[in-house]
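Written out below as structure tokens is the structure these notes cover.
Every read-out reported here was derived from the displayed coordinates using simple, explicitly stated rules and does not represent laboratory data. A quick note: this is a predicted structure, and the numbers were derived from the prediction, not measured. When we count neighbours, we look across all protein chains shown, and the Cβ atoms used for this are built from the backbone with ideal geometry, even at glycine.
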Amino acid sequence: MMSALYTGRLRHLGHTSATLVGGALLITGSPVFGYAPVGGRLKTDLDWDGHAWVRFGEYIADVSLVTTAYSPGAPKLLASHIAPRMKPTQRLYIATPDAARRNDQLDYQPQRIFTDAELDQLYRGALTFLS
């Protein structure tokens, strides 16, 4: 939801090249999110355990990484990896995919680029949820 809101807002401000990406997030080669196939044999969309981020030009922007890492139900690998690197007040992680792998051992593996219609539905749903 956070990534859909961020992407939707960027689009609303005229940054039409911003895209919402869903996929896997691995830390030091171990999967944290997204090891179940997107669009595979899932019963509902809620069965997907993946991660979402924004692709903006050559950069990835992950608005939920730190918030998720510091949340009470965070996967242990995510929490232990992020805590020494990022403060809980950091709200946005931005890097190129290569820099994320090289410097932070974060591997973002895209599995799906959300369509404009899908993004619009997610964005509107998130706005409704927040109001």
List the trypsin sites (Lys or Arg not before Pro) within segment 72-131 that fall in a DSSP loop (any state other than H, G, I, E or B) and whose Cβ has at most 16 other Cβ atoms within 10 Å.
Arg85, Arg91
Can I get the semi-axes of segment 67-131's equivalent ellipsoid? Compute them from the C-alpha gyration tensor as square roots of 5 times the eigenvalues, in angstrom, largest first.
26, 18, 11
GNM on the chain, C-alpha springs below 10 Å: top fluctuator among Leu13, Leu26, Leu78?
Leu13
Per residue of the chain, what 222 nm ellipticity follows from adding -39500 (n - 2.57) for every DSSP H run with n ≥ 4, rounded to the nearest 500?
-10000 deg cm²/dmol
Under the 0.36 nm per residue contour assumption, what length would be gained going from the current alpha-carbon distance of Arg124 and Asn103 to full extension?
4.1 nm
Which percent of Cα-Cα pairs in the chain sits in each 10 Å bin, short to long?
12, 44, 36, 8
